[in-house]
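Below is one structure, written out as structure tokens; the observations come after it.
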Amino acid sequence: VCVDLSLYMSMLAPLRAGFRCALARTAAYTRSYSTESLKRTSLYDLHLELGGKMVPFAGWEMPVQYPDGVLKEHMHCRSSSSLFDVSHMGQLHMTGKDRIPFIESMVVGDYATLPVGHSKLSVFTNEKGGIIDDTVITNAGDYLYVVVNAGCADKDIALMKDRIKAFKSKGGDVNLDIIEDHSLIAVQGPKTQEMLQKFCKSFDLSSMGFMTSHVVELNGIPCRVTRCGYTGEDGFEISVPSAKAVKLAKDILQTGEVRPAGLGSRDSLRLEAGLCLYGHDLNEDITPIEGSLAWLIGKRRREQGGFPGASIILDQLKNGVSKKRVGFVSTGAPAREGAQFTNDKGEAIGAVTSGTLSPCLKQVVGMGYVTTPYSKTGSQVQVVVRGKAQPATISKMPFVPHNYKK
Amino acid sequence: MLRTLVSAVRVRTPYSSVFVRSFATGPRYTPSHEWISLDQSGVGTVGITDFAQNALGDVVYVELPEVGKKVAAKGTMSVVESVKAASDVYSPVSGTVVEVNSKLADQPSMINKSATTDGWMVKLKVDNPKDVEKLLDQAAYDKHTQSEKH
């Protein structure tokens with residue numbers, strides 16, 4: 001049996017159908033990620049102290065799990081509260097009086113009407129209407145706070161800088177700062193507010209709704225706290241000065257209730273919640289409409305466009321698409337990324353992009369793309385795992401209901 | 001010829017202290033972290049080692065072969081799945097499957113809890129018992145796992 005600890009770097013690379021783990025292949029992969037070239041967050045030593053198993057991910061050395069293991073970490077998040085180091089994600093500040101029209105020239109969302117202290121998910125698109133990255137952007141008053149995926153940060157920043165140059169040359173006023181001195185800690189789960197409130201003397205966290213953001217003091221440390229996450233649970237993402245990040249993380253863990261959780265459980269949690277993983281469920285060749293994310297494009301933007309690939313995307317909104325992202329449940333062996341969907345005639349109709357055995361439901365769940373005729377909830381299809389066609393049903397998502405703050 | 005030696009042997013691994021009944025030969029190990037214990041009738045019990053289960057993490061699904069299936073040495077005999085990925089389990093020697101551990105269907109976590117005892121996976125009628133003796137013994141396997149750890 002292959003015991004490569006860094007199986008999770010397969011999160012980066014597309015998997016062939018019927019994944020077979022080979023020592024040789026993973027050894028070669030490991031060599032290309034010598035640990036000296038990997039970046040470390042400010043919590044690296046703490047991860048080691050906590051017994052974290054470190055693996056390469058998007059150019060960073062990150063904990064995939066701690067001694068509790070992925071399943072226990074997953075279940076603890078759903079019932080209590082878990083702390084994830086997500087400092088590998090890119091944090092940016094966008095300033096300038098034209099920052100709103102500028103950001104709207106790059107993403108599909110409506111930010112002109114987003115109130116101060118509110119956050120919204122969106123996607124950057126390319127000229128073909130494909131998704132460059134997904135992002136959460138917050139109206140922080142005199143700046144936009146932009147968070148992007150770790151694996152896309154370099155790409156996104158280069159693109160933004162390029163566009164800013166062109167924008168400025170036409171007289172526009174916008175600037176981009178990459179925030180390198182702040183870490184990002186996600187604390188997720190139903191007990192999170194109760195736990196974090198212990199550290200927040202001057203602000204009532206219960207006043208914050210889902211997708212809102214404030215600068216508050218946690219144990220005297222000024223942090224930007226955003227009520228959002230990637231687990232489907234209530235929780236907060238805390239942007240904290242890196243110099244104080246270890247102290248804050250330790251304080252939170254010392255409550256005894258909050259336990260550390262790694263990338264392994266982060267992935268199983270988001271999949272149960274029906275949330276996409278960029279690079280797997282979304283990529284530059286998939287439009288928001290194909291990705292079942294049309295809801296990201298509000299009325300005004302549908303009317304006015306103004307984002308890259310708008311004509312293609314708006315045409316798809318009107319005339320439909322040939323394939324769509326769907327959820328599925330199946331029986332038998334877990335269907336993983338790359339597994340083919342077939343119809344009852346055995347014809348290929350799509351492929352899985354994410355799949356796992358849901359720890360909460362103890363059932364195979366996942367998402368993928370199928371041709372539009374098969375995309376209706378309840379459609380009976382098959383998914384091929386190791387050469388065997390297993391019954392699968394197209395399903396709504398999330399698989400586990402969301403618990404966001406109402 | 002099979003040596004009819006039956007004794008209880010205390011086997012220490014880096015991760016656990018396991019009381020293993022030593023039969024005619026065994027347990028012996030593969031570099032790919034499977035163990036096999038051969039009994040006097042030439043049936044080998046096969047599983048993955050404690051080192052392997054610890055490295056794989058929580059096992060959530062196990063695919064076992066059909067009874068009667070012929071397996072080749074180093075051929076895929078079974079699959080163990082963690083939350084994130086599937087890993088092939090290779091047969092240490094060639095033989096025919098005579099029994100599988102059906103408890104693993106409901107309790108895949110037994111592989112994590114008792115990889116070398118209750119978490120056994122497959123019993124094989126071994127084609128040639130001498131093949132088992134050619135595998136790594138405890139000392140050689142321990143050395144192998146020491147070099148894999150980093």
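Among the protein heavy atoms of chain A, carbon and sulfur supply 54% of the accessible surface, probe 1.4 Å, non-protein parts ignored. Using a Gaussian network model of chain A whose springs link C-alpha atoms within less than 10 Å, name the residue from A:Gly264, A:Gly298, A:Gly117 with the highest mean-square fluctuation. Among A:Gly264, A:Gly298, A:Gly117, the largest GNM mean-square fluctuation belongs to A:Gly298. Using 0.36 nm per residue and subtracting the Cα-Cα separation, the extra length available between A:Thr255 and A:Asp285 on full extension is 6.3 nm. Per residue, the accessible area of the protein assembly as shown comes to 42 Å² when a 1.4 Å probe rolls over the protein heavy atoms. Our note on the geometry: Cα centres of the range A:165-244 and the range B:107-123, 44 Å apart.
Shown for the range B:38-52: residues covered by the partner protein chains by 10 Å² or more of accessible area relative to the chain by itself (probe radius 1.4 Å), namely B:Ala52. Counting DSSP beta bridges in the protein assembly as shown, what percent are antiparallel, to the nearest 5? If we restrict to bridges inside the protein assembly as shown, about 95 percent are antiparallel. For the residue pairs A:Lys72/A:Lys250; A:Lys39/A:Lys406; A:Lys128/A:Lys324, the alpha carbons lie more than 26 Å apart in A:Lys39/A:Lys406.
Using the empirical formula 2.2 N^0.38 Å as the baseline, the Cα radius of gyration of the range B:73-150 reaches a ratio of 1.21.
Within the same chain, aspartates and glutamates fewer than 8 places from B:Lys130 are excluded, and of the rest, those with a Cα less than 16 Å from its Cα are B:Asp39. Using the reciprocal of the averaged 1/r over all distinct C-alpha pairs, how large is the Kirkwood radius of the range A:257-366 in Å? For the range A:257-366, the Kirkwood estimate is 16.0 Å. Taking the Cα centre of the range A:195-292 as reference, the dipole from Cβ charges on Lys and Arg (+1) and Asp and Glu (-1) amounts to some 700 debye. With 31 Å as the limit on Cα-Cα distance, the pairs of A:Lys191/A:Lys244; A:Lys168/A:Lys318; A:Lys53/A:Lys201; A:Lys345/B:Lys125; A:Lys198/B:Lys84 that go past it are A:Lys168/A:Lys318; A:Lys53/A:Lys201; A:Lys345/B:Lys125; A:Lys198/B:Lys84.
How big is the convex hull of the Cα atoms of the protein assembly as shown, per residue, in Å³? Before the final figure, lay out each step's value.
Numbers: hull volume 82.1 nm³, N = 556.
Taking the convex hull of the Cα positions in the protein assembly as shown, it is 148 Å³ per residue.
Placing +1 on each Lys and Arg Cβ and -1 on each Asp and Glu Cβ, with no other charges, gives chain A a dipole about its Cα centre of roughly 780 debye. Taking the Cα centre of the range A:282-397 as reference, the dipole from Cβ charges on Lys and Arg (+1) and Asp and Glu (-1) amounts to some 340 debye. Put A:Asp85, A:Asp142 in order of accessible area, highest first, and with a 1.4 Å probe you get A:Asp142, A:Asp85. When the other protein chains are added to the chain by itself, burial of at least 50 square angstrom of heavy-atom accessible area (probe 1.4 Å, ligands and nucleic acids ignored) affects these residues of the range A:300-343: A:Arg336.
Seen from a random direction on average, the alpha-carbon convex hull of the range A:174-299 projects onto 10.1 square nanometres. Heavy-atom accessible area for A:Val370, with the other protein chains in place and a 1.4 Å probe, reaches approximately 0 Å².
Solvent-accessible surface, computed for protein heavy atoms with a probe of 1.4 Å, shrinks by 30 Å² or more for the following residues of the range B:62-108 when the other protein chains are added to the isolated chain: B:Glu63, B:Glu81, B:Val83, B:Lys84, B:Ala85, B:Ala86, B:Ser87, B:Asp88, B:Tyr90. Membrane-span-like helices in chain A: DSSP H runs reaching 18 Å or more (Cα, own axis), mean Kyte hydropathy at least -1.0? Result, helices passing both filters: A:153-169.
Whole Å is fine, so just give me how far the alpha carbon centre of the range B:51-93 lies from that of the range A:268-320. After rounding, the separation between the Cα centres reads 39 Å.
When nucleic acids and ligands are ignored and a 1.4 Å probe is applied, A:Arg336 ends up with an accessible area of around 20 Å².
On association of chains A and B, roughly 2300 Å² of accessible area becomes buried (total for both chains; probe 1.4 Å). Inter-label distance, B:Ala139 to B:Thr117: 2.6 nm, where each label sits 7 Å from its Cα along the C-beta direction.
The values are calculated or read from the model by the stated rules, or taken from the named source; none is laboratory data. In this text the structure is predicted, and so the values were computed from the model without any measurement. Methodologically, a virtual Cβ is constructed for each residue, glycine included, from the backbone with ideal geometry; neighbour enumeration extends over all protein chains shown. When the accessible area is computed, the model is the full protein with side chains, heavy atoms only, and any ligands, DNA or RNA have been set aside. Shrake-Rupley method; radii C 1.70, N 1.55, O 1.52, S 1.80 Å.
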